[in-house]
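Reviewing the structure listed below.
Values quoted throughout were computed directly from the atomic coordinates according to the rules given, and no laboratory measurement underlies them. Just so you know, these numbers come straight off a predicted model, no measurement behind them. Counting neighbours? That spans all protein chains shown, and the Cβs are built from the backbone with ideal geometry, glycine included.
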């Protein structure tokens with residue numbers, strides 16, 4: 001821990017003001033107690049004040065390496081009693097000798113200076129105690145701040161790790177299915193296989209690059225989502241109908257990258273997987289009260305048995321939103337007999353453009 005006077009201008013300014021106050025008090029006390037002129041009192045206050053200021057700067061290093069938490073009471077008090085006596089003695093006699101030399105022509109003042117030694121010791125010890133208390137309070141405060149900063153850093157690191165783990169779960173299932181479909185298409189329709197391979201490559205490239213960004217514009221997310229839907233439409237053909245209802249104002253708003261793909265994947269998995277009817281998938285986006293509101297709707301057969309593992313993609317999205325936005329984002333699921341809907345509300349006022 002560096003000396004606070006050399007690392008923080010505000011602390012240096014406050015410290016200087018405190019010493020000016022102490023010098024003023026010393027000057028006034030000397031003037032009142034020993035009935036000297038204001039000139040003598042001011043010179044006396046400045047000399048002893050500056051000397052103790054210099055000593056106090058060096059005392060920081062002694063206090064800094066005196067571990068209050070690990071010291072027993074008696075050794076701790078003995079160390080500071082010894083240090084106080086030595087430092088105050090240096091202060092008293094160096095100041096007294098210096099002033100005696102300067103005012104050697106005035107024997108009365110010189111005698112007065114020597115007679116004031118006991119008062120010097122009393123005031124010096126009091127200042128030392130005050131200085132030690134202030135230094136220890138600062139050390140304790142600085143340690144607390146360091147601990148808080150470390151805890152916040154660890155929390156952020158854990159949060160980022162959790163988010164990365166959640167994001168890593170988004171692609172493997174989709175990639176596995178796409179490669180299987182690609183393998184089948186190579187045997188039956190090389191043109192579709194080629195188109196699917198291009199879309200898949202672009203989609204994966206975006207997925208890798210987006211790991212470097214916290215948030216992106218909705219418009220950018222939609223471009224990549226179109227690649228995903230194009231891949232799935234090659235796989236499922238006429239069984240998949242996709243539509244978008246996007247307000248223009250929403251396109252420039254921010255959201256976490258790759259947040260919509262798992263919602264689409266969930267709709268495809270549980271919509272097409274449980275029914276022979278075409279899946280009608282609708283994506284809506286608009287702005288309302290500084291929130292980007294996104295809705296994903298799909299039809300489903302409520303009489304069909306739910307597939308094993310249903311809802312993992314949705315749960316990952318919910319956890320990502322919670323990890324990034326805390327309680328500021330909203331996540332809602334609703335369904336009727338034939339329609340399943342997921343709605344997310346992402347705040348925009350707190351988070352700037354990516």
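If the chain linking residue 142 and residue 130 were pulled fully straight, counting 0.36 nm for each residue of separation and taking away their Cα-Cα distance, it would gain 2.5 nm. Put simply, when 136-144, 120-128 are sorted by average Cβ atoms within 10 angstrom per residue, most first, you get 120-128, 136-144.
Of interest is the spacing of the C-alpha centroids, which for region 226-287 and region 69-123 amounts to 82 Å. So, R0 is 22 Å and r is the distance between the beta-carbons of residue 64 and residue 19; what FRET efficiency does that work out to, to 0.05? It comes out at approximately 0.65. Once a ≥ b ≥ c are taken as the square roots of the eigenvalues of the Cα gyration tensor of region 169-347, is the result rounded (a/c under 1.5), prolate (a/b larger than b/c) or oblate (a/b not larger than b/c)? Here region 169-347 falls in the oblate category. The shape of region 4-161 comes out prolate: with a ≥ b ≥ c from the C-alpha gyration tensor, a/c is at least 1.5 and a/b beats b/c.
Fully extending the segment from residue 328 to residue 208, taken as 0.36 nm per residue of separation minus the present Cα-Cα distance, adds 40.5 nm. The label point for residue 223 and the one for residue 102, both projected 7 Å from the Cα toward the Cβ, are 7.4 nm apart.
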